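Below is one structure; the comments refer to it alone.
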Amino acid sequence: MDGHRHERRHHFRTKARPGRVLSVRFRAADHTGWIAAQTRDIGVGGAFISSALLQPVGSTLTLELTLPTTDQTFTLSAVVRWAAAGPEGGMGVQFVGVDIDVLLELNEYFGASG
């Protein structure tokens, strides 16, 4: 019974696509310096930021990233929804007030088959 529940949860989990790791930097609202990180998963609603420097849940971040396909730099506001420490650690963030056209372009890049 327990194994079946695990399979169902795994089935609905979004898988990171190989080759779609993107450099990103973020800045917490109460800090002036940028922190370099990476993201492997961006959707219309938010992103996973891989970083050892975790920010508290509920804090607001400014993210900055550049898509290799366009060379356009995107600046996004996000709120930290969860954080996990460890070798594969990072933060789940939810985008706030970001233009839908920007989100769709990001989603298309990360949704493209590698």
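Rule-based calculations on the coordinates, nothing more; no lab input. Everything numeric in this text was worked out from a predicted model, so none of it was measured. Glycine gets a Cβ as well: all are built from the backbone with ideal geometry, and neighbour counts include every protein chain shown.
How much net charge surrounds L63 when only the other residues with a Cβ under 10 Å from the Cβ of L63 are counted, with Lys and Arg +1 and Asp and Glu -1? So the environment of L63 carries a net charge of +1. The stretch between I35 and D71, if pulled fully straight at 0.36 nm per residue, gains 10.9 nm over its current Cα-Cα span. Between N107 and V44, full extension at 0.36 nm per residue minus the direct alpha carbon distance yields a gain of 22.1 nm. The charge dipole of the range 39-114, taken about its Cα centre with unit charges on the Cβ atoms of Lys, Arg (+1), Asp and Glu (-1) only, comes to about 320 debye.
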